[in-house]
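Worksheet: one structure, shown below.
The values are calculated or read from the model by the stated rules, or taken from the named source; none is laboratory data. Owing to the predicted nature of the structure, the values given are computational and were not obtained by experimental measurement. Because the Cβ atoms are built from the backbone with ideal geometry, glycine has one as well, and the counts that use them run over all protein chains shown.
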Amino acid sequence: TVMPSGANYLVKKLTWSDKIFQLGNHERFGEELEVIGKLSNSNVMIPLAYVLTVDSAYLFYDFAPKGTLFDVLHGNSESALHWASRYSIAIGVAQGLTFLHGCPSGSILLLDLSSKSILLKSLNEPQIGDIELCKVIDPSKSTGSLSTVAGSVGYIPPGNTNA
């Protein structure tokens, strides 16, 4: 989304009717967003703002001009990543995961980590996106496979043995 000032933002829309959200948790969702909004790490996409409506939630993030790591890795050869950039991205992602799994307010669940959920501010600045608000997700409501609720099959974040 481009604002009148010319600033670009990424807007993620979540619909309350999505079956993985627990019913009646709109307030709790807002509380979780408040906690996440206070975090600060250059390798993690933190919502800048949010809007809760009757039907949906809209999360606003800084725009990542280079797109996803997936796009860069599998796109045209003009934007091929050099080894120095790949190394910087790997280090940045590792630092982001370390931050998420060691948050003072409690470990933050990352439901899936793939090249599609890593956004690039530049070819040396990765940000982990799609941080989920696990306390408002209801696994019993999922109609899909484990991957619908817990990301990639077999992936369980450290310290989260109850997933």
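Restricting attention to the range 50-92, and to residues there that are in contact with a strand residue (DSSP E or B) (Cβ under 7 Å, 6 or more places away or on another chain) and free of Cβ contacts under 8 Å to residues at least 40 places away in the same chain, which single residue is surrounded by the fewest Cβ atoms within 10 Å (Cβ to Cβ)?
In this case the residue turns out to be VAL51.
For a quick check of your reading: which helices (runs of 4 or more DSSP H) sit entirely within the range 1-111 and have at least 3 residues that are over 13 Å from the mean Cα position of the chain (by Cα) and modelled with pLDDT of 85 or more?
Values: elements: 26-37, 69-74, 83-101.
Hits in the range 1-111: 69-74, 83-101.
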